[in-house]
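Contents: one structure, followed by commentary.
The values are calculated or read from the model by the stated rules, or taken from the named source; none is laboratory data. Quick caveat, the model's predicted, so the values are computed rather than measured. Glycine gets a Cβ as well: all are built from the backbone with ideal geometry, and neighbour counts include every protein chain shown.
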Amino acid sequence: MRRPILLVVGVLLVCLAAMPAAGQDESTRALRLKALKAERLATLPQAAAAAIAAKTVVVDCAKGGSISAALANNTGPLVIKLRGTCRENVRIERNDLTLRGTDPARDGIQGVAANPQPNAALELWYSNRVVLENLFVTDSPTSGVGAWFSALEMRNCRIERNGGAGIHISAASGLTGTELVVSSSANVGIHSLRQGYVTCTGCRLENPSVDTVSFWGIAASSSGGVMTLWDTVVSGPGGIAAFDAGSYIDVDCVNVVSNYPCSINNTQGSVARAYSGGIAALWGVGAFTGLLNANGGEVAVYGGQQTRPDARPNSVSDFGRLTTGMAEDGGPTTTLGKTVLNRFAHAMLWDGTLLSETLVCGSGSDAWSDTPYPAAQVNGCANVPK
């Protein structure tokens with residue numbers, strides 16, 4: 001039976017602040033992380049357009065039509081049916097808008113160079129109940145889609161080859177995405193920051209080439225941003241990352257029931273990173289390649305079997321934490337590759353976590369496990385039974 005995401009959080013923040021004692025049941029920590037996510041996502045702004053009468057206009061880009069002109073010339077609730085490629089930068093500052101194509105392979109927005117250059121090819125400011133559907137947004141010199149103080153829903157859209165973020169959700173904005181493809185972003189695929197909230201279900205986030213990798217990775221949360229990638233495929237170098245306290249990101253393959261594929265893999269570097277109090281989690285992702293890196297933050301892996309892509313170990317350092325176990329009752333446990341803890345880091349290995357290689361503790365670090373390992377696999381970790 002799946003462990004439910006808790007909707008009543010009560011003393012959540014107090015519980016999260018407390019360090020779990022050795023021997024504490026694994027479900028406590030796992031459910032705390034689920035409760036944290038649920039509590040943060042409960043405040044996600046509702047983006048879907050209300051069921052109200054809306055004027056419909058057609059913008060045929062091949063015939064000289066312009067989205068910006070349609071926005072300027074029509075007030076009130078509006079549906080724009082887009083045809084072809086509009087080569088323009090679009091700024092939205094209104095509510096109750098649907099921008100809809102028929103096919104994301106041929107209908108959409110191609111960003112253009114401008115002076116001054118906008119933050120994104122498609123910008124939202126102080127806008128609510130905005131829906132983007134069956135569109136592409138590509139080739140912007142900066143980000144593809146950006147939202148500030150806004151609520152946005154995106155369905156069946158392709159966001160590709162943009163010079164900044166593919167999708168930038170900031171300043172308490174919310175994105176609800178379904179069946180999005182975000183690829184080849186020069187900076188980061190999706191970035192949730194400054195209290196931004198993102199959910200993406202049935203999405204595909206990828207960096208197909210090491211040439212497109214940046215420090216931010218494929219998906220990132222920072223400055224209090226929250227992102228959960230439900231039944232989503234994340235692939236290519238970069239992985240997911242949470243950068244500071246209050247920031248959370250995960251790939252979650254167990255808490256939504258759907259027919260969408262779900263996995264995370266890369267061919268180089270870290271698959272999940274957490275810095276300075278941020279939390280990056282993998283829920284039921286199964287077999288994965290890539291390293292785990294917790295530098296002052298927490299990486300949690302529940303139900304993942306790691307295959308390292310190169311000779312480097314997982315790194316947990318600077319008071320960072322690594323937590324492992326099962327994603328669901330009776331499900332497969334986690335398997336870790338070579339892992340090194342340094343500078344007062346800590347690992348909590350629950351539910352019979354397996355070690356395919358070695359676990360090494362140094363520089364004031366320690367680990368705890370609920371199962372013994374062969375002595376040759378563990379070095380310097382006083383609270384791991386052998």
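Some points to look at:
- Tally of residues being among the polar types (S, T, N, Q) and touching a helix residue (DSSP H, G or I) at 6+ places or on another chain (Cβ under 9 Å) across the stretch 121-176: 0
- Residue count for the stretch 284-322, restricted to those that are surrounded by 23 or more Cβ atoms within 10 Å (Cβ to Cβ) and over 18 Å from I249 (Cα atoms): 2
- Criterion violated by N128 - all others in (1) without any contact (Cβ under 8 Å) to a residue 60 or more places away in the chain; (2) assigned to a loop (DSSP other than H, G, I, E, B); (3) not hydroxyl-bearing (S, T, Y) satisfied: (1)
- Residues being modelled with pLDDT of 95 or more, surrounded by fewer than 24 Cβ atoms within 10 Å (Cβ to Cβ) and outside any strand (DSSP E or B) - total across the stretch 229-239: 1
- The listed residue being buried (at least 24 other Cβ atoms within 10 Å of the Cβ), within 23 Å of V256 (Cα to Cα), modelled with pLDDT of 95 or more and not basic (K, R), out of A147, A219: A219
- Qualifying residue in the stretch 175-190 (condition: surrounded by fewer than 24 Cβ atoms within 10 Å (Cβ to Cβ) and either over 26 Å from C61 (Cβ atoms) or out of contact with any strand residue (DSSP E or B) (no Cβ under 9 Å at 6 or more places or on another chain) (or both)): yes
- Residue in the stretch 118-128 that is surrounded by fewer than 16 Cβ atoms within 10 Å (Cβ to Cβ), over 30 Å from W368 (Cα atoms), at pLDDT 95 or above and aromatic (F, W, Y) present: yes
- Residue match in the stretch 193-213 (condition: buried (at least 24 other Cβ atoms within 10 Å of the Cβ), under 23 Å from P332 (Cα atoms) and either basic (K, R) or in contact with a helix residue (DSSP H, G or I) (Cβ under 9 Å, 6 or more places away or on another chain) (or both)): no
- Test: residue in the stretch 365-379 that is outside any strand (DSSP E or B), at pLDDT 95 or above, over 26 Å from the mean Cα position of the chain (by Cα) and at positive phi: no
- Test: residue in the stretch 351-361 that is surrounded by fewer than 22 Cβ atoms within 10 Å (Cβ to Cβ), under 28 Å from N255 (Cβ atoms), under 28 Å from the mean Cα position of the chain (by Cα) and among the β-branched types (V, I, T): no
- V226 being over 23 Å from Q268 (Cα atoms), modelled with pLDDT of 95 or more and out of contact with any helix residue (DSSP H, G or I) (no Cβ under 9 Å at 6 or more places or on another chain): no
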